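After the structure tokens below, expect a handful of questions from me.
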Amino acid sequence: MAARSIGSLSVSFGLVSIPVKLYSATEASRAISFNFLHKNCGSRLKQQYLCIKEEVVVPRDEIVKGYEFAKDQYVMFTPEELKALEEAGTHAAEITEFVPIEKVDPVYFDKAYYLAPDKGGAKPYALLAKALRESGRCALGRWAARGKQYIVMIRPIATEDGDGLVMQQLLYAGEVRAIKELEIPKTEVKAAELKLAQQLIEQQASDTFDPAAYTDEVRARVEKAVQKKVEGEEITMAEAPETGGAQVIDLMEALRASLGKKAPAPSKEREAARPEARKPPRRAQQAAPSAKKSARK
């Protein structure tokens, strides 16, 4: 199925303006979600808001937004006041600077979008993508949408037909905690330990990142369990392995042992390599009586 554009905008740098189409780079619909149900009858539950003072259900037309400026003290805003404070959408991402791509720490990365050239934008699009690729830089700028203003980074990405562009929404400085808030003691690293650690890294090193080599095993288990439930089958759960507390071991011995140990296979291979023999499962949940009767037949 062809990707569907979620909007259009223009990317401008200097006097050059590039019309582009915007595509979401991720699929939120792929996430597995559950609904809240009434345990007795299985019906969907409806969310309601309760006034903690009067202990009555408040209808939506009586709900307003407020900001807590002190403990249990609020100032209220009307929808019109909040609307006036929103940033007007500009349908444009204005580039303000170009920086080395490695200088933007991935900790600032937020939502990502793919950009594709719109009508009349193929040439300047290809020009910007190639110029960014060869310079080793990315473009930083501002983009206003949905009432908010965002910092964005536009970077090149390799495709089968050449270079494409990704617009990475960034977090503001105030939205990212400084690592200096953590207590990380200064510790001496011995040369021998460092050498073994580097050998271990080289042993498991790869020149490229292949995201297809990693699968979401939890999602696969949930999907399998859901399908069994739909078909009225009984759900079983393997005994959880016993885990002890953290053991204090010699660091050098652990590094040497790690070097002699074969690197773990990617998740797909691990799934195929799992042994058939397992501990006897214990019953976690039974299917409905009607489903059990049909199974006997």
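The values are calculated or read from the model by the stated rules, or taken from the named source; none is laboratory data. Everything quoted here is computed from the prediction, not taken from an experiment. Every residue, glycine as well, gets a Cβ built from its backbone with ideal geometry; the counts of neighbours run over all protein chains shown. In case anyone asks, the SASA skips ligands and DNA or RNA and just uses the protein heavy atoms, side chains included. Shrake-Rupley method; radii C 1.70, N 1.55, O 1.52, S 1.80 Å.
What pairs come up if the first residue lies in the range 113-129 and is free of Cβ contacts under 8 Å to residues at least 24 places away in the same chain, the second is part of a strand (DSSP E or B) and of a type in the set (Phe, Trp, Tyr), and their beta carbons are under 8 Å apart, counting only those six or more places apart or on different chains?
If the second residue must be part of a strand (DSSP E or B) and of a type in the set (Phe, Trp, Tyr), no pairs are left.
Follow-up. Could you go through the range 156-170 and let me know if any residue there is more than 20 Å from the chain's Cα centre (by Cα), among the hydrophobic types (A, V, I, L, M, F, W, C) and part of a loop (DSSP other than H, G, I, E, B).
no
Could you please tell me which pairs satisfy a Cβ distance under 9 Å, a separation of 6+ or placement on different chains, a first residue in the range 43-54 that is within 19 Å of LYS65 (Cβ to Cβ), and a second residue that is in a strand (DSSP E or B)?
Going by the 9 Å Cβ cut-off, the qualifying pairs are GLN48/VAL57; GLN48/VAL58; TYR49/VAL57; TYR49/VAL58; LEU50/VAL57; LEU50/VAL58; CYS51/VAL57; CYS51/VAL58.
If you take the residues in the range 150-197 that are of a type in the set (Val, Ile, Thr) and touching a strand residue (DSSP E or B) at 6+ places or on another chain (Cβ under 9 Å), which one is farthest from ALA129 (Cα to Cα)?
Ranking the qualifying residues of the range 150-197, first place goes to ILE151.
Would you say ALA145 is closer than 16 Å to ILE95 by Cα and at pLDDT below 95?
In short, yes.
Continuing with this model, one more query. Go through the range 108-134 and give me each residue that's touching a helix residue (DSSP H, G or I) at 6+ places or on another chain (Cβ under 9 Å) and part of a helix (DSSP H, G or I).
TYR108, LEU132
Within the set of pairs 6 or more residues apart or between chains, which connect a residue that is at negative phi and at pLDDT below 90 inside the range 56-82 to a residue that is surrounded by 10 or more Cβ atoms within 10 Å (Cβ to Cβ) and part of a strand (DSSP E or B) with Cβ atoms less than 7 Å apart?
LEU82/LYS65
List the number of the failed condition for ILE95; all other conditions in (1) in a helix (DSSP H, G or I); (2) more than 28 Å from LYS46 (Cβ to Cβ); (3) open to solvent by less than 80 Å² (accessible area, probe 1.4 Å); (4) not acidic (Asp, Glu) hold.
For ILE95, the failing item is (1).
Now for a different question. If you take the residues in the range 197-231 that are among the small types (Gly, Ala, Ser) and over 27 Å from ALA158 (Cβ atoms), which one is most open to solvent (accessible area, probe 1.4 Å)?
Among residues in the range 197-231 that are among the small types (Gly, Ala, Ser) and over 27 Å from ALA158 (Cβ atoms), the one most open to solvent (accessible area, probe 1.4 Å) is ALA220.
While we're here: Report, by residue number, each residue of the range 10-61 that is among the aliphatic types (A, V, I, L, M) and over 24 Å from the mean Cα position of the chain (by Cα).
Scanning the range 10-61 gives VAL11, LEU15, VAL16, ILE18, VAL20, LEU37, LEU45, LEU50, ILE52, VAL56, VAL57, VAL58.
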